[in-house]
1. Can you pull out the residues in the range 37-55 that are among the small types (G, A, S) and surrounded by 12 or more Cβ atoms within 10 Å (Cβ to Cβ)?
2. Kindly evaluate G3 against the criterion of being at positive phi, open to solvent by 60 Å² or more (accessible area, probe 1.4 Å) and modelled with pLDDT of 90 or more.
3. Considering only the range 41-61, how many residues are within 12 Å of K18 (Cα to Cα) and either within 10 Å of the chain's Cα centre (by Cα) or hydrophobic (A, V, I, L, M, F, W, C) (or both)?
4. I'd like to check something: does the range 13-36 contain any residue that is over 18 Å from I59 (Cβ atoms), open to solvent by less than 60 Å² (accessible area, probe 1.4 Å), in a helix (DSSP H, G or I) and of a type in the set (G, A, S)?
Amino acid sequence: MVGEKLACKRESYTAKFKLDVLSELHQGGISKTKLASKHGITAKMLRDWASKENELNSIKDDQGKSIHIT
């Protein structure tokens, strides 16, 4: 299989999901690594979301649409 590329599907998460996870992080009592594992995400994703929390709070996502924040 030399030269073949594997297709990989990227997950997308709604702003509401990201904010819910961040809210759980702010409540304390669990490490970022354990919280990320609990929700099936990486610790890096959690750190990225935390750094963009103000932007996420400004997004209106009433219909549950996936919002991509890069």
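The values are calculated or read from the model by the stated rules, or taken from the named source; none is laboratory data. For clarity, every value in this text was computed on a predicted model and none was experimentally measured. Note: ideal-geometry Cβ built from the backbone for every residue, glycine included; neighbour counts use all protein chains shown. Each accessible area value is taken on the protein alone, full model and side chains, heavy atoms only, with ligands, DNA and RNA left out. Shrake-Rupley method; radii C 1.70, N 1.55, O 1.52, S 1.80 Å.
1. Within the range 37-55, the subset among the small types (G, A, S) is 37, 40, 43, 50-51.
Scanning the range 37-55 gives S37, A43, A50.
2. Details: at positive phi: yes; open to solvent by 60 Å² or more (accessible area, probe 1.4 Å): yes; modelled with pLDDT of 90 or more: no.
Answer is no for this residue.
3. So the first thing to find is which residues in the range 41-61 are within 12 Å of K18 (Cα to Cα), and the list is 41, 45-57, 59, 61.
Filter again for either within 10 Å of the chain's Cα centre (by Cα) or hydrophobic (A, V, I, L, M, F, W, C) (or both), leaving 41, 45-50, 56, 59.
The qualifying residues number 9.
4. Yes, that holds for at least one residue.
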